[in-house]
């Protein structure tokens, strides 16, 4: 009887693991590291299905050693544009504090990923640290080739529901990250430090490519102090008539 019960428990455990790994929308991910706000996973290249297999190499220049400071240099200047009927927001993809908190763990993960794998990264952050403010989540793939460091974003600063932001199994469930051009309302803003990947003749505004020969010239640019009153927020009662445009460098709402 005990053996049957043990087999039952083992079966339940295996089913739960399969559910957790697949429910995210990202197939067959293997957890490398996680804490309360950050997680990294390895994804086998053979488990990534593409319309054109030539878009992604069959193997990668992994593991790769990138310092915490260089991760801040690469990620700290990235901005995205979010378009809606309420207005346009130009914001940093990551808070400086957010990068500094996860940089050591991301650097470790990049040294653990194998040549047959790419790295999936999920970060959630709440810059206001308030019980009434939401966490936002960003997910991306990152990998290294002989000549490039490439990042493909999925969700960018996607708000997490209050009842999901405290549970790892909730906030780590993300939609599939597409290697195709998609009609998204949020996309990365062009920057001289990287280029966009060409997909079917068009720039994929979520897929950025850093040339390794230029990495030493990429430096983190200190940011202006943004007003906390407007930082990453739009009044909930705004109407389409009160359309706004905002750039985080100025931290100003313009009607």
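Give the residue, chosen from 193, 186, that is over 22 Å from residue 49 (Cβ atoms) and at pLDDT below 95. Give the derivation first.
Numbers: 193 fails: at pLDDT below 95.
None of the other options fit; the residue is 186.
Quick check on my filter: what residues within the range 159-176 are part of a loop (DSSP other than H, G, I, E, B) and out of contact with any strand residue (DSSP E or B) (no Cβ under 9 Å at 6 or more places or on another chain)?
161, 162, 163, 164, 166, 167, 173, 176
If you check every pair at least six apart or on different chains, which have Cβ atoms under 8 Å apart with a residue in the range 50-62 that is closer than 15 Å to residue 177 by Cα first and a residue that is surrounded by fewer than 16 Cβ atoms within 10 Å (Cβ to Cβ) second?
51/180; 56/50
So, residue 156, is that one outside any strand (DSSP E or B) and under 22 Å from residue 44 (Cα atoms) or not?
no
Restricting to the range 114-137, name every residue that is surrounded by 22 or more Cβ atoms within 10 Å (Cβ to Cβ) and out of contact with any helix residue (DSSP H, G or I) (no Cβ under 8 Å at 6 or more places or on another chain).
120
Starting from the range 157-170, keep only residues that are at negative phi and without any contact (Cβ under 8 Å) to a residue 60 or more places away in the chain, then list their pairs with residues that are in a helix (DSSP H, G or I) and crowded, with 16+ Cβ neighbours inside 10 Å whose Cβ atoms are within a distance under 6 Å, requiring at least 6 positions of separation or different chains.
Final answer for the pair search is 160/171; 164/171; 165/171.
Checking the conditions here, which among 119, 152 is under 16 Å from residue 30 (Cβ atoms) and touching a residue at least 40 places away in the same chain (Cβ under 8 Å)?
On the way: 152 fails: under 16 Å from residue 30 (Cβ atoms).
Unique residue meeting the criteria: 119.
Condition check: touching a helix residue (DSSP H, G or I) at 6+ places or on another chain (Cβ under 6 Å) and buried (at least 18 other Cβ atoms within 10 Å of the Cβ). Does residue 140 satisfy that?
no
Filtering the range 177-192 down to residues that are touching a residue at least 40 places away in the same chain (Cβ under 8 Å) and assigned to a loop (DSSP other than H, G, I, E, B), which residue is nearest to residue 83 (Cα to Cα)?
Just the residues of the range 177-192 that are touching a residue at least 40 places away in the same chain (Cβ under 8 Å), to begin with: 177, 179-180, 185-189, 191.
The next check asks that each one be assigned to a loop (DSSP other than H, G, I, E, B); those that pass are 177, 179-180, 185, 189, 191.
Values: 177: 20, 179: 21, 180: 20, 185: 5, 189: 12, 191: 19 Å.
The qualifying residue nearest to residue 83 (Cα to Cα) is 185.
Using the structure shown, decide if residue 206 is without any contact (Cβ under 8 Å) to a residue 60 or more places away in the chain and buried (at least 18 other Cβ atoms within 10 Å of the Cβ). Quick ask: steps written out before the conclusion?
On the way: without any contact (Cβ under 8 Å) to a residue 60 or more places away in the chain: yes; buried (at least 18 other Cβ atoms within 10 Å of the Cβ): yes.
Here the answer is yes, as residue 206 does meet what is asked.
The values are calculated or read from the model by the stated rules, or taken from the named source; none is laboratory data. Keep in mind it's a predicted model, so treat the numbers as computed, not measured. Glycine also receives a Cβ, built like all others from the backbone with ideal geometry; neighbour counts cover every protein chain displayed.
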